[in-house]
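To start, the structure itself, in structure tokens.
The values are calculated or read from the model by the stated rules, or taken from the named source; none is laboratory data. Please read all numbers here as calculations on a predicted model, not as lab measurements. Here Cβ is always computed from backbone atoms with ideal geometry, including for glycine, and neighbour counts include all displayed protein chains. Each accessible area value is taken on the protein alone, full model and side chains, heavy atoms only, with ligands, DNA and RNA left out. Shrake-Rupley method; radii C 1.70, N 1.55, O 1.52, S 1.80 Å.
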Amino acid sequence: MDYKSSLISDGNAMENLEKQLICPICLEMFTKPVVILPCQHNLCRKCANDIFQAANPYWTNRGGSVSTSGGRFRCPSCRHEVIMDRHGVYGLQRNLLVENIIDIYKQECSSRPLQKGSHPMCKEHEDEKINIYCLTCEVPTCSLCKVFGAHQACEVAPLQNIFQGQKTELSNCISMLVAGNDRVQTIISQLEDSCRVTKENSHQVKEELSQKFDALYAILDEKKSQLLQRITQEQEEKLGFIEALILQYREQLEKSTKLVETAIQSLDEPGGATFLLSAKQLIKSIVEASKGCQLGKTEQGFESMDYFTLDLEHIAEALRAIDFGTDDDEEEFIEDEEEQEESVSTEEKEGHQ
């Protein structure tokens, strides 16, 4: 393998290594000290502290008063949440291995020859590197552009100064965005908790509502059974009285039929003496049987059961008016319902009498 191929291969390896040494917050190579999170991801301690301060504004850093409690920190790589102690980010362990790798990487880069095209060149002066920043036009340019070119009248500054300033600004923006994402995630978690609690509360009130209606059904079924039993009792009493009358009338009818047959036989007797011997007693028996026809009877309307009629319209209206309300409304409704039940019970007693 020639020198050029070896250089390209080594350059790819160094580039891959550099990607592993990039901070996920500032998107630059880790700046020592480097801290390692429990999830095994690494961060610049400064970047981690910026995010931690933004997410925990009431936590005081080392320069202020001492905080008695820690705070929460969410890893920007895997979103794993870490509970910090009162030292905050400064309580995290330094990753000395990564710091040593960074030192070796920088030494290797400084000893390697600069490849052509690794530094951006000026479009107007192809052989000149871009090494200054035009503050007026807000674009990077080269020294020749300032001396002889389009930026002669412009205010310029060293490229490194602007580079550091804008990198710091971008890092701050990233910190703000990550902190904002943490706050949004917190809101999402709160909303998810609210959704869960809402479902639990809905299930609970549904269960309570079902229990209350089941209790109403039980009361109605019990009352229905009681009223049906009273109707059945009244029916049995009336039927017993009527069936007793029917039995009495049948017995009377049977006696009368026998007397009629005996009387007809007496009328057929040819002998006067024989007829007279039994006629007087027979006439007496017929007269007594006629008097016995005055048996009990049912009064007019005896069969009616109209006094068992219920007017439930007011109760139906009360049931239709059932709705969600305060405890006072429920107590008032229960009192009205009890008064209506007492009134109905009194009317039923009077009607039965």
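Our estimate of slack between residue 21 and residue 139, defined as 0.36 nm per intervening residue step minus the Cα-Cα distance, is 39.6 nm. A simple rule links phi to the HN-Hα coupling: the Karplus curve 6.51 cos²θ - 1.76 cosθ + 1.60 with θ = phi - 60°, which for the range 34-46 gives 9, 10, 10, 8, x, 7, 6, 8, 9, 8, 5, 4, 5 Hz, with x for Gly and Pro.
Order 83, 188, 132, most accessible first, counting only protein heavy atoms with a 1.4 angstrom probe. Please report the intermediate quantities before stating the final value.
Working: 83 115, 188 70, 132 25 Å².
Largest to smallest exposure gives the sequence 83, 188, 132.
Projecting label points 7 angstrom from Cα along Cα→Cβ for residue 222 and residue 32 puts them 8.5 nm apart. Dipole of the range 123-280 computed with +1 at Lys/Arg Cβ and -1 at Asp/Glu Cβ about the Cα centre; of 256, 156, 227, farthest Cα towards the positive end is 256.
Any idea of residue 302's accessible area? Nearest 10 Å², probe 1.4 Å. Its heavy atoms expose roughly 50 Å² to the probe. For residue 123 and residue 109, the difference between the fully extended length at 0.36 nm per residue and the C-alpha to C-alpha distance is 2.4 nm. FRET efficiency for the pair residue 306 and residue 276, taken as 1/(1 + (r/R0)^6) with r the Cβ-Cβ distance and R0 = 35 Å, rounds to 0.05.
Separation of the range 143-190 and the range 237-297, taken as the distance between their Cα centroids, equals 131 angstrom. Ordered from largest to smallest accessible area (heavy atoms of protein chains, 1.4 Å probe), the residues 311, 193 come out as 311, 193. Simple point charges give the picture: +1 on the Cβ of Lys and Arg, -1 on the Cβ of Asp and Glu, and for the range 71-194 a dipole about the Cα centre of about 220 debye. In this structure residue 79 has an accessible area near 90 Å², from a 1.4 Å probe over the protein heavy atoms. When the residues 98, 260 are ordered by accessible surface, computed with a 1.4 Å probe over the protein chains alone, the sequence from largest down reads 260, 98. For residue 200 and residue 244, the FRET efficiency from 1/(1 + (r/R0)^6), where r spans their Cβ atoms and R0 equals 56 Å, is about 0.25. Fully extending the segment from residue 96 to residue 77, taken as 0.36 nm per residue of separation minus the present Cα-Cα distance, adds 4.8 nm. In the complete set of protein chains, residue-level accessible area for residue 32 is approximately 100 Å², probe 1.4 angstrom.
Shown is the FRET efficiency for residue 260 and residue 297, computed with R0 = 25 Å from the Cβ-Cβ distance and rounded to the nearest 0.05: 0.60.
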